[in-house]
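Visitor: This is the structure I have questions about; it appears just below.
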Amino acid sequence: MAGSSGRWIEQWDPEDEVFWKEKGERIARRNLVFSVLSEHIGFSIWTLWSVMVLFMGPEYGVDPAGKFFLIATATLVGAVIRVPYTFAVARFGGRNWTVFSALMLLLPTGAAYVVMEPGTSYGTFLAVAALTGVGGGNFASSMTNINSFYPLRKKGWALGLNAGGGNIGVPVVQLVGLLVIGTAGAAHPRIVLGVYIPLIAIAALCAALFMDNLAPVKNDTGAAKEAVRDPHTWIMSFLYIGTFGSFIGYSFAFGLVLQTQFGRTPLQAASLTFIGPLLGSLIRPVGGSLADRFGGARITLWTFAGMAAATGVVVYASVAESLPVFLVGFISLFILSGLGNGSTYKMIPGIFRTKALAKGMTGEVAEAYGRRLSGASMGLIGAVGALGGLGINLAFRQSFQTAGTGTGAFVVFLACYGVCFLVTWAVYLRRPASAPAPAATAEAKPQLSYAEV
């Protein structure tokens, strides 16, 4: 490690068990801890407007449809910005980019502090909500960085913990909002913003002091192009829409749905909003661990079955106007989406390693191919998956505009989970495997089978 030149590690081989036991695991764990911290704050800022809209009473002059569009805008920007954030890790170093991306969070937080008051134009609110999208990019760079630190056998646990710890930023900012509304009242949104400004500075400082850059990690344009052409990148993007897209979309919308459909006050909504995202975040590492043990495709398949069932409960509760039943179904959706988040991300490196074996590669060559393609695809999969959150909020907006309830949107979501279930089974679990495969060559290759990914 070149200690005086920005903490660069020149050699890194996590698949070497001796290296891993002697020093690799300790270094990887330290980087994981502070990656989680920065990503955690990033998620809080990305979902900031799920809290700010609870403070926006009639004096702000923004109707429910306008509020849904505010949070949809933040979701969209956060999804799109994940692509460049993915490639930034290799270009600038994981540590260096974590410091920069953490400091970038000061921009939307400070801007919201300035404009958060009645009389501000809707266009201004929209622009500031868009700025919070930089917090969504932190996930992509963090996951790409941690993916490089850990061996394949540990990726499910490490990526699940990294993402889960980051996802907890959603319920935490909502809890801060609840505390402010419950103590100071709904007229003081700036207190929430004032809490986060020093936390952002602390996250950036910790990244600078305790994280490392990996010199062997390079942007591989060939791998990026291959990942874009590979059908599995797009299949996994679709499945990630169903898991993470659901988690982030519901996280943004939960409080607003409670206010709009069930007439909850800001305090009542805030007292419930954090529960689902908290449970969904905490269970994400469990999804990764279960995927390590039983296979990501199997866990993902039954997760989608559970999400379809839970959505059916929500549809019933929406029609019957039963808040207790609605909460049971909706919170179950958060828990199941958290499990699926962990299992789908575990599938990605396994899929590309399986393809390497099918091509006749063995040993470190197969591992290196898997790392190249999974690293290149993760940013795109994360970006497309996050667009599911945009779709959820736009569906809610349309449903409330046309029918005054979210029932129509939930029916659409139920159908989507059914399709995700069928795709997971058909591509990754049906025997013989029907997954997309390279064109046949003169040499016989091992049959593609993704049942264990």
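The values are calculated or read from the model by the stated rules, or taken from the named source; none is laboratory data. These numbers were taken from a predicted model, which means no experiment stands behind them. Neighbour counts are summed over all protein chains in view; Cβ atoms, including those assigned to glycine, are modelled from backbone coordinates with ideal geometry. When the accessible area is computed, the model is the full protein with side chains, heavy atoms only, and any ligands, DNA or RNA have been set aside. Shrake-Rupley method; radii C 1.70, N 1.55, O 1.52, S 1.80 Å.
Visitor: Look at residue 204 and say whether it is at pLDDT 95 or above and either part of a helix (DSSP H, G or I) or surrounded by fewer than 19 Cβ atoms within 10 Å (Cβ to Cβ) (or both).
Guide: yes
Visitor: Separate question: Could you tell me whether residue 222 is in contact (Cβ under 8 Å) with a residue 40 or more places away in the chain, of a type outside the set (Ser, Thr, Tyr) and either part of a helix (DSSP H, G or I) or under 18 Å from residue 170 (Cα atoms) (or both)?
Guide: For residue 222, the condition - in contact (Cβ under 8 Å) with a residue 40 or more places away in the chain, of a type outside the set (Ser, Thr, Tyr) and either part of a helix (DSSP H, G or I) or under 18 Å from residue 170 (Cα atoms) (or both) - is not met.
Visitor: Just give me the residues in the range 253-282 being open to solvent by 40 Å² or more (accessible area, probe 1.4 Å), over 21 Å from residue 183 (Cα atoms) and among the aliphatic types (A, V, I, L, M), in sequence order.
Guide: Once the filter is applied, which keeps residues that are open to solvent by 40 Å² or more (accessible area, probe 1.4 Å), over 21 Å from residue 183 (Cα atoms) and among the aliphatic types (A, V, I, L, M), the range 253-282 yields 278, 279, 282.
Visitor: Only one of these is modelled with pLDDT of 90 or more, open to solvent by 50 Å² or more (accessible area, probe 1.4 Å) and either under 23 Å from the mean Cα position of the chain (by Cα) or over 25 Å from residue 78 (Cα atoms) (or both): 336, 422. Name it.
Guide: Only one candidate passes the filter, namely 422.
Visitor: Now a separate question. Which of the residues spanning the range 32-63 are charged (D, E, K, R), more than 13 Å from the chain's Cα centre (by Cα) and within 21 Å of residue 389 (Cα to Cα)?
Guide: Matches in the range 32-63: 63 only.
Visitor: Next up: Condition test on residue 369, is it part of a helix (DSSP H, G or I) and over 20 Å from the mean Cα position of the chain (by Cα)?
Guide: Against the criterion (part of a helix (DSSP H, G or I) and over 20 Å from the mean Cα position of the chain (by Cα)), residue 369 qualifies.
Visitor: Just one of (1) open to solvent by less than 40 Å² (accessible area, probe 1.4 Å); (2) touching a Pro at 6+ places or on another chain (Cβ under 6 Å) trips up residue 303, so point out which.
Guide: (2)
Visitor: Condition first: open to solvent by less than 40 Å² (accessible area, probe 1.4 Å), among the charged types (D, E, K, R) and either assigned to a helix (DSSP H, G or I) or touching a strand residue (DSSP E or B) at 6+ places or on another chain (Cβ under 7 Å) (or both). Can you find one or more residues in the range 385-402 that meet it?
Guide: No; the residues of the range 385-402 include none that is open to solvent by less than 40 Å² (accessible area, probe 1.4 Å), among the charged types (D, E, K, R) and either assigned to a helix (DSSP H, G or I) or touching a strand residue (DSSP E or B) at 6+ places or on another chain (Cβ under 7 Å) (or both).
Visitor: Further, regarding this structure: Do you know which of the residues in the range 208-236 that are open to solvent by less than 60 Å² (accessible area, probe 1.4 Å) and among the polar types (S, T, N, Q) is farthest from the chain's Cα centre (by Cα)?
Guide: Among those residues, the one meeting the criterion is 213.
Visitor: State whether one or more residues within the range 170-177 are among the β-branched types (Val, Ile, Thr), in contact with a Pro (Cβ under 8 Å, 6 or more places away or on another chain) and either within 30 Å of residue 23 (Cα to Cα) or open to solvent by less than 10 Å² (accessible area, probe 1.4 Å) (or both).
Guide: yes
Visitor: May I ask you to list the residues in the range 403-419 that are open to solvent by 20 Å² or more (accessible area, probe 1.4 Å) and assigned to a helix (DSSP H, G or I)?
Guide: Selection gives 403, 407, 408, 411, 412, 414, 415, 416, 418, 419.
Visitor: Across the range 66-94, what is the number of residues that are over 20 Å from the mean Cα position of the chain (by Cα), over 17 Å from residue 256 (Cβ atoms) and of a type in the set (Lys, Arg)?
Guide: Of the residues in that region, 1 qualify.
Visitor: Could I ask something else about it? If residue 375 satisfies every condition in (1) open to solvent by 40 Å² or more (accessible area, probe 1.4 Å); (2) closer than 23 Å to residue 227 by Cα but one, which is the exception?
Guide: (1)
Visitor: For residue 198, which of the numbered conditions (1) assigned to a loop (DSSP other than H, G, I, E, B); (2) open to solvent by 60 Å² or more (accessible area, probe 1.4 Å) fails to hold?
Guide: Failed condition: (1).
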